[in-house]
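Read the structure below first, then the notes.
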Amino acid sequence: MSLTLIPRSKPKPTRKHRLATRMELKRQLRDLQEQTSQAFGQLIGAADTIATLQQQLADIRAKRAEAEQVVVCLAADLDDRTGERDQARAEVTALRAQLAPYLAAEANANAITVPAAERDTSRFEDQATAPIDVRELQARFTAGPVVSLHHSPQAADPTHIPAPAA
């Protein structure tokens, strides 16, 4: 007997197998429906997010256009003000040249003529101090060289001052 003569057919599924297959197919269908529902929810959420982002983009573009217009206006104003400033500087330079002789004449008329070595001491707080008179100390020490007190008998008395020279 050869193997080719044996018919090869699938065995018919039994009712138990059909039930398991049906149950599994129903479960798969429910899973697919649930996944579809979740995907649809995500799609709606993404659409809402896209709409919000597009609205924000439109707002930003409008604000950018407005800012560019403001910058153009400010640049034009700056150019105008720069021209006015340059004109004012030129006018001030010309007026200073015209006014210079008058300022020099006024400065010469109101010049301070106090000698540099003199000081007004008429007020009490501006009184000059008198020089310190050191002649008495010089007279005391002109008698001779200063003697070290370490080797003298007066070393024990720290208040000893040599007598003035005659």
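Observations, loosely collected:
- List ASP79, ASP126, ordered by accessible area with a 1.4 Å probe, largest first: ASP79, ASP126
- A Cβ-based charge dipole, computed about the Cα centre of region 57-122 with Lys and Arg at +1 and Asp and Glu at -1, lands at about 140 debye.
The values are calculated or read from the model by the stated rules, or taken from the named source; none is laboratory data. Please read all numbers here as calculations on a predicted model, not as lab measurements. Methodologically, a virtual Cβ is constructed for each residue, glycine included, from the backbone with ideal geometry; neighbour enumeration extends over all protein chains shown. Surface accessibility is based on the protein's heavy atoms, side chains included, excluding ligands, DNA and RNA. Shrake-Rupley method; radii C 1.70, N 1.55, O 1.52, S 1.80 Å.
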